[in-house]
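Colleague: I have a structure I would like to understand better, so I am pasting it below and will then ask my questions one at a time.
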Amino acid sequence: MSNPFGGGDPAVYSQPAHDVPPLHPVPAAVVAEWPPGTFLENLAPSAAHPGSWLVTIPSHNRVDRVDPDGSRHTVAEVPNAVTGIATTGFGTFVLTGVMGAAGWQLARIDESTDSAGGSAGTVDIVCDIPDLRLGNGLAWDGRRLFAVDSALGHLVAIDPVAGTSAVWLAHELLGPLERDSPLPGANGITVHDPYVYVTNSGRALLLRCPLTGHDLAGELEVVAEQQAGDDFDIDPRGRVYLATNVQHSVVRLDPDGHREGIAGLEQWVAGATSAALDPRDPTALYVTSTGGILNPPPGGVQPGRLVRLTLDS
């Protein structure tokens, strides 16, 4: 079944591939940098400090806040890796655990106790998530959180108030293409009514499923194929902004099927892992990058960065 983004029948997928679209870069500026080897994974707007961004750093088991002036502050330090992050009306939540192992948890970060001097905020464990082995993206639909498991190939719904969780959707297309592939399966996740959108990095797919339905697995739809993707965001007009990680770019997918790169190595997005629209400014897209840790660019691994891209209105 085809759709406006250029997807097709899931049965045809056997090998990952990525069609490199033309690059038409938008204005870019580096907001903050970290030393090479710092793996920035995901980001979310700060609730306690409007205009600032929270960045998860699994390589260093912490969450940093970046203020508009580019200054960095450690907000939370945890014993294990921290990956997905979501800001909600109930607080800011993160996934934390050991990659590939049981014991993942949902934690709530209280930024109100941190300070400009660098003291960390408090971290409270909300609940265990027994159905995660490689927690990745995290998204909020207004009443529950959706967590991605990149190894087991399913999505987990979490009630942060009740402290409960359960597998919400499992499907072959959410799993990695090969057991020992260096690229994860299901990875980034975004809720854009009335759908949950998910990238599968190893299969180079963008997928979506309705928030409600009688047969969620049967309604899982391929939105785009041959499209590398990590974490991403979707604007009110339905345009998807994908961080491609190993392709060192940010790609925009339009609802009419048009694709184009809007940032590349010269826009400082080597190893781009996440893209998020600024809720205060629709022309601002923030991107985290690893500097190319998984696929070093010419010249070697660069600093990890938070980059601001200026979009067309």
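Only the coordinates and a few stated rules stand behind these numbers; no lab work does. What you are looking at is a predicted structure, and each value in this text was computed from that prediction instead of being measured. All Cβ positions, glycine included, derive from the backbone under ideal geometry; neighbour counts span all protein chains shown.
Colleague: For Cα pairs less than 8 Å apart in space and 6+ apart in sequence, what is the mean separation divided by the residue count of the chain, i.e. the relative contact order in percent?
Modeller: 19
Colleague: With the crude spin-label approximation of a point 7 Å out along Cα→Cβ, what separation in nm comes out for Ser71 versus Asp235?
Modeller: In this crude spin-label approximation the distance works out to 3.2 nm.
Colleague: Label 7 Å along Cα→Cβ of Asn61; region 83-114 residues with amide nitrogen under 11 Å?
Modeller: Answer for region 83-114: 97-98.
Colleague: Would you mind working out the magnitude of the charge dipole of the chain relative to its Cα centre, with +1 at each Lys and Arg C-beta and -1 at each Asp and Glu C-beta, to the nearest 20 Debye?
Modeller: 300
Colleague: Around Ile293, with a cut-off of 15 angstrom between Cβ atoms, what is the net charge of the other residues, counting Lys and Arg +1 and Asp and Glu -1?
Modeller: Here the count lands on -2.
Colleague: Taking region 214-298, which trypsin sites (Lys or Arg not before Pro) meet the DSSP loop condition and have no more than 14 other C-beta atoms within 10 Å?
Modeller: Answer in residue order: Arg237, Arg280.
Colleague: Let me check I've understood the local charge: for Gly202, count other residues with C-beta under 14 angstrom from its C-beta, Lys and Arg +1, Asp and Glu -1. What total comes out?
Modeller: Result for the neighbourhood of Gly202: -4.
Colleague: List every residue whose amide H lies under 5 Å from the amide H of Ala284, counting only residues 5 or more places away in sequence or on a different chain, with H placed 1.01 Å from N in the peptide plane.
Modeller: Under 5 Å from the amide H of Ala284 lie the amide H atoms of Asp278, Leu311, each far enough along the sequence or on another chain.
Colleague: Each residue of region 259-273 in turn: what ³J(HN,Hα) in whole Hz from Karplus with 6.51, -1.76, 1.60 and θ = phi - 60°, glycine and Pro shown as x?
Modeller: Result, rounded to whole Hz: 10, 7, x, 10, 7, x, 4, 6, 9, 6, 10, 4, x, 4, 10.
Colleague: What ³J(HN,Hα) values, in whole Hz, does the Karplus curve 6.51 cos²θ - 1.76 cosθ + 1.60 give for region 20-36 when θ = phi - 60°, with x put for Gly and Pro?
Modeller: 7, x, x, 9, 10, x, 9, x, 9, 8, 7, 8, 7, 10, 10, x, x
Colleague: Which ³J(HN,Hα) values in Hz, rounded to whole numbers, follow from the phi angles of region 213-223 under the Karplus curve 6.51 cos²θ - 1.76 cosθ + 1.60, where θ = phi - 60° and Gly and Pro get x?
Modeller: Along region 213-223, the couplings run x, 8, 9, 4, 5, x, 9, 5, 10, 7, 8 Hz.
Colleague: Could you list which residues have their amide H under 5 Å from that of Cys127, counting only those 5 or more apart in sequence or on another chain, with H placed in the peptide plane?
Modeller: Leu106
Colleague: Which of the peptides 35-48, 293-306, 195-208, 266-279 is most tightly packed, and how do the rest follow, going by the mean number of other Cβ atoms within 10 Å of each residue?
Modeller: 195-208, 266-279, 35-48, 293-306
Colleague: Around Asp230, what is the net charge, scoring Lys/Arg as +1 and Asp/Glu as -1 over all other residues with Cβ under 14 Å from its Cβ?
Modeller: Residues near Asp230 contribute -2 overall.
Colleague: Within region 65-98, find all residues whose amide N lies under 11 Å from a label point positioned 7 Å from the Cα of Ala284 along Cα-to-beta-carbon.
Modeller: 67-70
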